[in-house]
């Protein structure tokens, strides 16, 4: 039986530089997916039933549990990691660095790797970076499996500092966090954007917005350590000289861009980056969300980095009081469009075909306009595609498991995004 992967790029979900008719798009997309299903009687089609597979993956996956996925042949293995971040050095910018450095879960943790079928020792890897305030890998399980299966590369799900299993379990406990919600409401007043899911991050960033920088800075250092072990052959399941690419979503894309711009030890000279729902300049991000942070925390964060941080950097440069490393310099470059515009846009232009991405039209957290502000209109136009799905979605939930959404539409939308990502990262 012949194998066939449909060209999802030709399905009518794309709305870049095109007029968009929701009803017509829904009709055509549904027709296209039904036609592919009909074709499966005589041809083996590589189409993931996302709706069904997501339910299965939630049942099969468990933190710290190695498992072989029979359907795809993908093998999930867990590996330990110990961060070497210098919290003492971080005290130069944060009064809470040593306090945060004492969070054991953040410094010693396990991370899962999705190995493709038939692997013995991997020679190519994709580091998958997640969004802000994530407390589990649930959203990303099908993403990782699809990428591993279709790129034949190992997909490393690496948690950002203080996220997923790098955060205390208390931060994910509804009862404990509900008590903190009541305490925070007494301080900031009633706020519909505040809930138990975002109160821990809201409190931490309100108390010290520099934590946004220091957690990212630690993650960049951790990625350097990870990439070094992969390339030097020190990782038990990767061969020496392993390549390192990125699939990055949301704030993970911000981190990936900074990492590639800083390029510590020249580790990422050849790395490729695929961005989904990310790539925005910091100033254009809108983090107020019940899934991310409440309004007071977002307002404090934005005000701090657009005013205090930028003024501090200007003073440091003017008086030569501070020598910035490449990661700090890259972070500063990504804060506002007017800061180091020529350097930043030149970097993205020089990446050439090593960067690609997809933005969603209804994404309010990481809008496409923020991508344009970050890398320039021409670079954004050449490297990104703007899609719109024919159902209600959001940045936080681009593929909502909603009973009111036709499964064929959800499946087609998922396959279009991830077949494009896999095609880019496989080459």
Q. Which value, in Å³ per residue, describes the convex hull spanned by the Cα atoms of the stretch 49-383?
A. 141 Å³
Q | Angle in degrees between helix 174-188 and the longest Cα principal axis of the chain, rounded to the nearest 10 | A | 50 degrees
Q. If one computes the Cα centroid of the stretch 171-218 and of the stretch 224-251, what distance in Å separates the two points?
A. 32 Å
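Considering only the chain, what is the antiparallel percent among its DSSP beta bridges, to the nearest 5?
Values: 14 of 41 bridges.
Antiparallel: roughly 35 percent of the beta bridges in the chain.
Highest mean first, what order results for 277-285, 390-398, 84-92, 290-298 on Cβ atoms within 10 Å? It would help to have the intermediate numbers written out before the result.
On the way: 277-285: 23.9, 390-398: 18.0, 84-92: 13.8, 290-298: 21.8.
Sorting 277-285, 390-398, 84-92, 290-298 by mean packing, highest first, produces 277-285, 290-298, 390-398, 84-92.
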**Q.** Between helix 22-39 and the chain: long-axis angle, C-alpha atoms, 0 to 90°, nearest 10
**A.** 50 degrees
Q: Treating the angle as unsigned and between 0 and 90°, give the value, to the nearest 10°, between the Cα long axis of helix 341-351 and the longest Cα principal axis of the chain.
A: 40 degrees
Q. Peptides 153-161, 169-177: what's the order by average Cβ count within 10 Å, highest mean first?
A. 153-161, 169-177
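Taking other Cβ within 10 Å of each residue's Cβ, how do 365, 67 sort, fewest first?
Values: 365 24, 67 14.
With the fewest neighbours first, 365, 67 line up as 67, 365.
Would you please put 128-141, 299-312, 102-115 in order of how densely packed they are, using the mean number of other Cβ atoms within 10 angstrom per residue and starting with the highest? Mind dumping the intermediate values first?
Details: 128-141: 21.2, 299-312: 15.4, 102-115: 18.4.
Descending packing order for the listed peptides: 128-141, 102-115, 299-312.
Each value in this text was obtained by applying a stated rule to the coordinates, not by laboratory testing. Keep in mind that this is a model prediction, so the values were computed, not measured. A quick note on method: Cβ atoms are made from the backbone with ideal geometry, for glycine too, and the neighbour counts reach across all protein chains shown.
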